[in-house]
Amino acid sequence: MIRDHPCLLGLTDYADYSDPFNARHAEQVQRAMSTILTEMCVSTGVGSFDHLTPDNLNKRTVTKEKLCQWLGAFVHMMNRFANPHLQMAVERLEQISTELLAEEKKVIEHQSTVIELQAKVIEKRDEELSFLKTAVQREVKSVQGVVQTEMKSYSSALSKTCAAALAPKKIRAAVKTVSDKEDRTRNVIIYGLEECSEEILEDEVCKVLATIEEKPVITDCCRVGIKKPDRKRPIKFTLRSSDMANQILSKAKLLRTKEGYSNIYISPDRTVDERRAFKKLWEELQLKRKTDSGKVHYIKNNKIVSSDKTQGVPDLSGNI
């Protein structure tokens, strides 16, 4: 009777599903395998495991009993240890794959929830703006009605004076001014960009904004003013919110530090009167910079402010 190989006596641990990758178990199997292969090398007279070929194993020095003992040991290890571990590894991989798919599904669901919430926030804000505009218009009409009713009780002279001061046309003009100013808060103006016949304005604006690390959604974009050969018309573009416009204006000063953009300026969208006043202030600033180059001159709170260069560059957020 052929006895089991002695190395199998060291295999005290069997495959365990609760701990499929037991280090002690793996070490026992490795030691048994090494013992058998080393014994085979000695019996066949070869120097390494790689040389255990059929021809070398068929030598006369290797008895049939030895071959059967070795084969039995390998079959025992494959059946009791290798195959169970492979099966457990497959099942574990399937479990991990299932868990990963479940996690990916959760991530996609969370992303969808975030997108839905963002859409609801935008929709809610639009509704609030629409409601506010309707309320203002309703209040203006109510005020007009009250004013017109009260005017009838005064004397003719006072009535004419009040009528001239509070005429519907003037009230509408005042309301339009307020409404325009509210609409302008989402607009931004860029000065100094070259103008050509085949330009794509939105792309040009995006290039400028990219230099100050801004990539907003632009809803409208156009040149402002009458086209003339020797004039670079400013570009007006509209954003989704006034907050985004204010963020870009706060970073406008960074353009001065960018190569090729020192003559490009970003400013808010002003009314006609505001533009006239700012143009006059701008001309005064240019004259100040030419006549007094020893100081730093800039516009802050609609006034020209000067400071010594030795004091460092002032914070010009939102100013020029």
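The values are calculated or read from the model by the stated rules, or taken from the named source; none is laboratory data. Keep in mind that this is a model prediction, so the values were computed, not measured. Because the Cβ atoms are built from the backbone with ideal geometry, glycine has one as well, and the counts that use them run over all protein chains shown. Note: areas computed on protein heavy atoms with side chains; ligands, DNA, RNA excluded. Shrake-Rupley method; radii C 1.70, N 1.55, O 1.52, S 1.80 Å.
The phi torsions of the range 125-130, fed into the Karplus equation with coefficients 6.51, -1.76 and 1.60 and a -60° offset, translate into couplings of 5, 4, 5, 5, 5, 5 Hz, rounded to whole numbers, with Gly and Pro shown as x. Relative contact order for the range 201-278: 23 percent, from Cα pairs under 8 Å spaced at least 6 residues apart, divided by residue count. Protein-only accessible surface at a 1.4 angstrom probe places the residues Phe49, Phe237 in the order Phe49, Phe237, largest first.
Over the range 90-145, accessible surface divided per residue gives 90 Å², non-protein components excluded, 1.4 Å probe. Spin-label model, Lys64/Lys120: points 7 Å from Cα along the beta carbon direction are separated by 8.2 nm.
Here the simple spin-label model places points 7 Å from the Cα toward Cβ, and for Glu214 and Thr38 these points are separated by 7.5 nm. Taking the average, over residues, of other Cβ atoms within 10 Å as the packing measure, peptides 109-116, 264-271 rank 264-271, 109-116 from highest down. Residue by residue, the range 243-257 carries 3J(HN,Hα) couplings of 4, 5, 4, 5, 5, 5, 4, 5, 9, 4, 4, 5, 4, 5, 8 Hz when phi is fed to the Karplus relation 6.51 cos²θ - 1.76 cosθ + 1.60 (θ = phi - 60°); x denotes Gly or Pro. Note on surface exposure: Glu194, Glu199, Glu123 rank Glu194, Glu123, Glu199 by accessible area, highest first, 1.4 Å probe.
Ranked by the mean number of other Cβ atoms within 10 Å of their residues, highest first, the peptides 89-99, 216-226 come out as 216-226, 89-99. Across the range 51-64, coupling constants 3J(HN,Hα) worked out from phi with the 6.51/-1.76/1.60 Karplus curve, θ = phi - 60°, read 8, 7, 8, x, 5, 5, 6, 8, 6, 5, 6, 9, 7, 4 Hz, and Gly and Pro carry x.
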